Amino acid sequence: MKNKIYPLAIMLLLTMMLIPASNLTAAEDGVIIYAMPYDFQEYSTYAGPTYSTRQWLSSTVAGLYGRTVEKNHDNGPNLADGEPTIEISGDDMVVTVNLKSGLNFYNGEALTASDVVFSYKVLLTASINANNYWFLASYFDSNDSIVALNELTVEFTFNQPYAFYKNLLSEPIIPEDYYTSLYDSGTYYFNSSSGIDANGAGPYIVESIDLTNMEILVQKNPYWHGSEQKVDKILFTWIETIEEAMLALAIGDIHILDGQYIPEKTAFVGMDNVREVFVGYPSTQEMSFNFNNPILNGAATPLGIFNPTQADEAGKYVRKAFSHMIPRQFIVDEIMEGVAVPANVLMPNVSQGWAGYDDHPVREYSVDIAKALMEDAGFDYTTDVDLTAAITSANCLFEIYMLSPNTNPARNLWAALMEDELPKIGIYVADHLATDWGTIAPLTFSSDVPPPPGDLGGWDLFFVGLSWDLDYDPTGLFDSASIRPFGDNWYTFPGDNATLYGISWDYLLSSYTEEFDFNTRMDKVKILQDFLYEWEPTAPILYQQTHWGIHENLSGIDWVLFAEGFAQWEYVNLEGIDIIVGEFSRGLPILMILMIPLTMILKLRRKHFKAH
């Protein structure tokens, strides 16, 4: 999967043909140029959650709270004046937030509690289809849940205690005076390509949006309330291919080459004045199990049939056997070319409280272990299947149907790889549907019913990626109240009946997300990982990393926040290397940075919790 190696000198001759023209160059003082592989179709965080939108809009908007390096990546006050007060009464949790005095929007108008209430009114209007509508609506019953007590005080009434409540208090605040008439029209969707919908109270404001060259230019917000901005302007530009972006970085036309270009591990070798950064990213790739399949849930295994009280244990054996057939290290080394690490549980290794590999070692690739587990579930390799012959529908332990999106080239490869691996333990892959998201959504996270197994028109194994927050919150994935069509439990995992240490998954998850003491919550997230490892409701494959190329003088970036779309742009500068390395509490490293000396040849290659 390696690509051709082009001499740098030849590539530079092509530069003028490949790099889009811009009115700004990286040589200009006070300007940072950031290249990303996606064009611009959304111009407000209300309009869409896409990666490219988050990256540039993090420079122009601000919420009451936000993730900061000062708070060790936790949510700290932004527009808020200090920490909120919390009162819990029954099912309700009332959070009171005071605003800093003297706040202004980008246009100089005062920012008050009324603007906060209006902003959440917009977000909670279903017809606008704001990015986080369903998330917010699950905790706020109506617009009446947010009220202004006075000009600088806002009261939020949550319908349940929620430890990660500050994530909901981090939405961008917009000026009520400007948007009221547009909102009242009922036809405005907060996505103007003029850039007006992108401006709020962040450190920068939109100067121009050039849809011809796909460039967005932001400049200092003169009314910014925080630390003084280090650079005058930032240009976000779409460069379509990694080859073009690499050329631009090589000759100094850009300062940041986005990690979503997916450069290979040695991509930047030979580039002067360039350094590279590897960043752990809160994302997982998995092989989902459909618990409506009676083999995968254990009920139709030989053990489950012989003794129905052992069906759950039999299902664990089968799912773990499947997991042992995933060649994770091969996938990391050969398909991901080293820019990933094997996963042990469905919890990102950069999230707060990840327990590491000691208690939950990565399930090694082993046909022997997998066969032993299948035998524990009651299958007999001496009578049930002939492994020396071709595995067919007539010669197999059972059939399965696989489903995968065709949008990720790397995932396409490892999903196809499993078609070859599973027959080694007698499993016949009857069909593998690799298709677009429009086809997949009604079969999985948008299904009107709990997804049926493959032989009834559904699927048994689903290859998918999940993007998470730095706070680990799997609410909706495995709890019984969220089984489709009532939530995101497309696995149909029985969270109310699945137990460990005498505790059900549903109870444990609720206890975890309602725990406000950090240390106690970290103890509970450890048990969540024990649970995921024992029950294997999904087989985790790998933890992704992002690989960035940057100008050697770029400084002031916390790369974990940056890669997540929470950049503190006011700190970013072009005055020498000063990359911030952060750690979560309890000593868990969350950032892997590798600075490699650069020499001669430039190698080129091909090529969010949200499903991706």
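Any residue that is open to solvent by 60 Å² or more (accessible area, probe 1.4 Å) and not hydroxyl-bearing (Ser, Thr, Tyr) - is there at least one of those in region 161-171? Among the residues of region 161-171, not one is open to solvent by 60 Å² or more (accessible area, probe 1.4 Å) and not hydroxyl-bearing (Ser, Thr, Tyr), which makes the answer no.
Taking the listed residues THR520, THR492, the one that is open to solvent by less than 30 Å² (accessible area, probe 1.4 Å) and among the hydroxyl-bearing types (Ser, Thr, Tyr) is THR492, with no other qualifying. Taken together, the criteria place GLU87 among residues that are open to solvent by 30 Å² or more (accessible area, probe 1.4 Å), among the acidic types (Asp, Glu) and at pLDDT 95 or above.
When LEU397, LEU403, LEU413, LEU417 are checked against the criterion of being open to solvent by 60 Å² or more (accessible area, probe 1.4 Å) and not β-branched (Val, Ile, Thr), a single residue qualifies: LEU413. Screening VAL362 against (1) modelled with pLDDT of 95 or more; (2) open to solvent by less than 30 Å² (accessible area, probe 1.4 Å) leaves a single unmet condition, (2).
Every condition in (1) open to solvent by less than 10 Å² (accessible area, probe 1.4 Å); (2) touching a Pro at 6+ places or on another chain (Cβ under 8 Å); (3) at pLDDT below 95 is met by ALA198 except one, and the failing one is (2). Starting from region 491-512, keep only residues that are closer than 20 Å to LEU461 by Cα, then list their pairs with residues that are in a loop (DSSP other than H, G, I, E, B) and modelled with pLDDT under 95 whose Cβ atoms are within a distance under 6 Å, requiring at least 6 positions of separation or different chains. Correct list of pairs: PHE493/PHE478; GLY495/PHE478; GLY495/ASP479.
Filter region 518-539 down to the residues that are out of contact with any strand residue (DSSP E or B) (no Cβ under 6 Å at 6 or more places or on another chain) and under 15 Å from PHE289 (Cβ atoms) and list them by number. Within region 518-539, LEU532, TYR533, TRP535, GLU536, PRO537 meet the criteria. For region 283-295, the count of residues that are outside any loop (DSSP other than H, G, I, E, B) and either basic (Lys, Arg) or open to solvent by 10 Å² or more (accessible area, probe 1.4 Å) (or both) is zero. In the set (1) modelled with pLDDT of 95 or more; (2) of a type outside the set (Val, Ile, Thr); (3) under 29 Å from PRO263 (Cα atoms), the condition left unmet by TYR317 is number (3).
Considering the conditions (1) part of a loop (DSSP other than H, G, I, E, B); (2) over 24 Å from the mean Cα position of the chain (by Cα), SER127 is excluded by exactly one of them, (1).
Checking each residue in region 495-507 for being surrounded by 15 or more Cβ atoms within 10 Å (Cβ to Cβ) and in contact with a strand residue (DSSP E or B) (Cβ under 8 Å, 6 or more places away or on another chain) picks out GLY495, ALA498, TRP505.
A single entry from ASP312, ASP358 fulfils the requirement of being charged (D, E, K, R), assigned to a loop (DSSP other than H, G, I, E, B) and more than 19 Å from the chain's Cα centre (by Cα): ASP358.
The values are calculated or read from the model by the stated rules, or taken from the named source; none is laboratory data. Because the structure is predicted, anything quoted here is derived from the model rather than measured. Ideal geometry is used to build each Cβ from the backbone, glycine not excepted, and the neighbour counts take in all protein chains shown. Please note that ligands, DNA and RNA were not included when accessible areas were found on the heavy atoms of the full protein model with its side chains. Shrake-Rupley method; radii C 1.70, N 1.55, O 1.52, S 1.80 Å.
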